[in-house]
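Quick notes on the structure that follows.
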Amino acid sequence: MRSTRDFFIGTLTGLTIGLLAAPRTGEESRRWLKQEYDKRMGSSSGSSGPDLQERLTTLFNQVKEQINNYMGQHNNQKKRLEDTSHFDYQSERQQKFTKPAASSPAGSSTTDES
């Protein structure tokens, strides 16, 4: 119960301070925000729709190209690692089966016959 009351008191306090400290009316604030947006987007006429769409499309294509390049590099590295690990596995396997026959002591098989 106390936390609900504190929430409402905080909300009312914030609204009161906001209304008293606001330098402009809502309409003036919206106009100022639109002007700042247009100025920062490079359009003084206010018709920044097509220009913005073109800039966003260009940016999207650049990001898409970078992602594709990264994925291509990643896939190439993955392929090299797979090839290398497959080669290492095959080499290890060949050594495993050829080593015991080559490294067996000479004459160990002849001493068992006597």
Item to check | Filter pass, Q66 being closer than 30 Å to D38 by Cβ, surrounded by 10 or more Cβ atoms within 10 Å (Cβ to Cβ), over 23 Å from the mean Cα position of the chain (by Cα) and at pLDDT 80 or above | outcome: no
Checklist entry - Does segment 76-86 include one or more residues that are assigned to a helix (DSSP H, G or I), modelled with pLDDT of 85 or more, out of contact with any strand residue (DSSP E or B) (no Cβ under 6 Å at 6 or more places or on another chain) and farther than 30 Å from W32 by Cβ? => result no
Next on the checklist: Could you go through segment 29-52 and let me know if any residue there is modelled with pLDDT of 80 or more and under 27 Å from the mean Cα position of the chain (by Cα).
Outcome noted: no
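The values are calculated or read from the model by the stated rules, or taken from the named source; none is laboratory data. Note that the structure is predicted; figures quoted are calculated from it, not measured. Ideal geometry is used to build each Cβ from the backbone, glycine not excepted, and the neighbour counts take in all protein chains shown.
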